[in-house]
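The values are calculated or read from the model by the stated rules, or taken from the named source; none is laboratory data. The structure presented is a predicted model; accordingly, all values stated were derived computationally and were not measured. Because the Cβ atoms are built from the backbone with ideal geometry, glycine has one as well, and the counts that use them run over all protein chains shown. When the accessible area is computed, the model is the full protein with side chains, heavy atoms only, and any ligands, DNA or RNA have been set aside. Shrake-Rupley method; radii C 1.70, N 1.55, O 1.52, S 1.80 Å.
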Amino acid sequence: MQYLLSVIHDGTDLATDAEMAAIDAFNDQLRADGHWVFAGGLGGPDVATTIDNRDDAGLVVDGPFVETKEFVVGFWILEAPDLDVALRLAREASKACHRKIEVRPFL
Amino acid sequence: MTGAAGDEVATALARAHREEWARVVATLARRYGDLDLAEEAAAEAFATAVERWSADGVPPAPGGWLTTTAHRKAIDRLRRERVRDDKHREALVLTDAGPPAPTGAVDDDRLRLLFTCCHPALAMPARVALTLRMVGGLTVGEIAHAFMVQPTTMGQRITRAKAKIAQARIPYRVPTAQDLPARRDGVLAVLYLIFNEGYLASSTDDGTQPIRPALTGEAIRLVRLLRQLLPDDGEVAGLLALMLLVEARRLARLDEDGGLVPLPAQDRTRWDRRLVAEGHQLVRERLVTGEPPGRYQVLAAINAVHTSAPSAEATDWAQVLALYDQLVRIDRSPVVLLNRAVALAEVDGPQVALAAVEPLRDALDRYRAFHATRADLLRRLGRDDEARAAYDAAIGLTDNAAEVAFLVERRDATR
């Protein structure tokens, strides 16, 4: 079972050195415990481009698909047997990167 | 089928539903790891029982019959769905078909079901609805009624909760020791709501009894299980004490005609002394710890004051009011303030109490106890026209026949 942990924040400020160190330690633990699949940080909504090519509409919009105060700034994809484990990891992730985390299962 | 035989089957079905529903759902949920399948198979088994028992008579062990039948229904359903969605279903069954995972001190399928239904990843209204459906066995209609929402809305709420449990894979187990205290509060709130639904049924339209000992009994049973799991937890003890002290008065709450008897008019010799003693013992144990009490412990203490009084007149209302003041500091909700006003009326009189009740109207206008309490205070103040109107408002919000009868009698006596 895989879960997407989206990192939610209200700004594009990068992780501080202390946050980065905590994230690295958390990632090492994820690898050691067999939870690690993939993770990464993302550029903010101001560098997003939204494409709508349904029915060959060819629409290109400079910006995110919806303007929100908070947005996804990064993510983890983790392997976990159930939601309790995923939520425990999400608590640790949130603490490490000092941002909110949204947990969603892969179908 | 003759009327008498039909009655017998109906009684057996009602009893089996009350006693076996949660067990059947919980057993299937553990076996197949799928709440939706468990609920549907259980519902199908009960539907089959309606047909088979009418034709063949009630089986000697209704619970076993229902569990076996529900297993068959589940397997039938899995076979049908496997054809349609081979990979997904098979994976689920393979994952969950093994022996139950060790769960620590208490190993009870219904407790496992309860913790799953009360999982913190579900919103509180979803937890309550799911628990009442899966553990309490109430119909979607009954649950909708209890929470004053449309049945379709409640149906969607339950469907969404089950879908989330399945998709996000909320595990079917009692939480680890480290997670238990945090998981406790949600479970207690849900159990208290179930107890209250048994204490006074939200509706008697479909022949439901006004008081349902099966629901109060189930809530008490589940709190006892929780207490085995968390023996030092004050709020678990408090909720158990509260339920016992309320349950102790059950037989005295109905008269010979099935009418509701309010606390002051109850024949106290009909209270269950054993339950009262156990409740008082729990309250004393909590007091001795000196830990600050939570809301259930305060509510238990209030009920301990009531059940300690040899007569209604001898009730120590000042103590009751002091405890409500303590409760307001923990939980300043409109319902708590309303209940405090009832005690206030006994200490400072109905005029003072009415002044405390009136500001709650905005929050409680759809709550029958608000209008019933207001009616009683107006009646005591001799404001009969207003009292009758308030009784009518309460009656209009009540679908429990015994409660309606009680309110009508009160209203008609006010002139």
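Numerical summary
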| read-out | value |
| --- | --- |
| Hits in segment A:68-90 (condition: outside any helix (DSSP H, G or I), open to solvent by less than 40 Å² (accessible area, probe 1.4 Å) and either under 30 Å from B:Ala177 (Cα atoms) or within 12 Å of chain B (Cβ to nearest Cβ) (or both)) | A:Trp76, A:Ile77, A:Leu78, A:Ala80, A:Asp82 |
| Residue list for segment B:276-334, restricted to those being out of contact with any helix residue (DSSP H, G or I) (no Cβ under 8 Å at 6 or more places or on another chain) and charged (D, E, K, R) | B:Arg284, B:Glu313, B:Arg329, B:Arg332 |
| Boolean, A:Ala57 is more than 14 Å from chain B (Cβ to nearest Cβ) and aliphatic (A, V, I, L, M) | yes |
| Residue identified as away from chain B (no Cβ under 14 Å), farther than 17 Å from A:Ala25 by Cβ and open to solvent by 70 Å² or more (accessible area, probe 1.4 Å) among A:Phe106, A:Phe65 | A:Phe65 |
| Residue check for A:Ala93: part of a strand (DSSP E or B), touching a helix residue (DSSP H, G or I) at 6+ places or on another chain (Cβ under 9 Å) and more than 14 Å from chain B (Cβ to nearest Cβ) | no |
| Subset of segment B:294-304 [open to solvent by 20 Å² or more (accessible area, probe 1.4 Å) and at pLDDT below 95] | B:Arg295 |
| Residues that are free of Cβ contacts under 8 Å to residues at least 12 places away in the same chain and either under 30 Å from B:Ala182 (Cβ atoms) or open to solvent by less than 40 Å² (accessible area, probe 1.4 Å) (or both), drawn from segment B:247-262 | B:Val261 |
| Single condition B:His280 does not satisfy, out of (1) modelled with pLDDT under 95; (2) of a type outside the set (Lys, Arg); (3) open to solvent by 20 Å² or more (accessible area, probe 1.4 Å) | (1) |
| Single condition A:Asp33 does not satisfy, out of (1) at pLDDT 95 or above; (2) open to solvent by less than 50 Å² (accessible area, probe 1.4 Å); (3) out of contact with any strand residue (DSSP E or B) (no Cβ under 6 Å at 6 or more places or on another chain) | (2) |
| Pick from segment B:383-415, criterion over 30 Å from the mean Cα position of the chain (by Cα) and outside any helix (DSSP H, G or I), ranking: surrounded by the fewest Cβ atoms within 10 Å (Cβ to Cβ) | B:Arg415 |
| Helices (runs of 4 or more DSSP H) completely within segment B:122-218 that count 3 or more residues being farther than 24 Å from B:Glu235 by Cα and touching a residue at least 40 places away in the same chain (Cβ under 8 Å) | B:140-146, B:151-167 |
| Qualifying residues in segment B:1-47 (those that are of a type in the set (S, T, N, Q) and in a helix (DSSP H, G or I)) - the one nearest to B:Lys164 (Cα to Cα) | B:Thr27 |
| Yes/no for B:Ala182 being surrounded by fewer than 22 Cβ atoms within 10 Å (Cβ to Cβ), among the aliphatic types (A, V, I, L, M) and at pLDDT 85 or above | no |
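For (1) open to solvent by less than 20 Å² (accessible area, probe 1.4 Å); (2) within 30 Å of B:Asn400 (Cα to Cα), each residue gets a yes or a no:
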| residue | (1), (2) |
| --- | --- |
| B:Ala241 | yes, yes |
| B:Leu245 | yes, yes |
| B:Pro264 | no, yes |
| B:Thr269 | no, yes |
| B:Thr289 | no, no |
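Residue-by-condition table, conditions (1) away from chain A (no Cβ under 14 Å); (2) β-branched (Val, Ile, Thr); (3) surrounded by fewer than 24 Cβ atoms within 10 Å (Cβ to Cβ):
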| position | (1), (2), (3) |
| --- | --- |
| B:Pro125 | yes, no, yes |
| B:Ala129 | yes, no, no |
| B:Arg133 | yes, no, no |
| B:Glu142 | yes, no, yes |
| B:Thr152 | yes, yes, yes |
| B:Gly155 | yes, no, yes |
| B:Thr159 | yes, yes, yes |
| B:Lys164 | no, no, yes |
| B:Ala168 | no, no, yes |
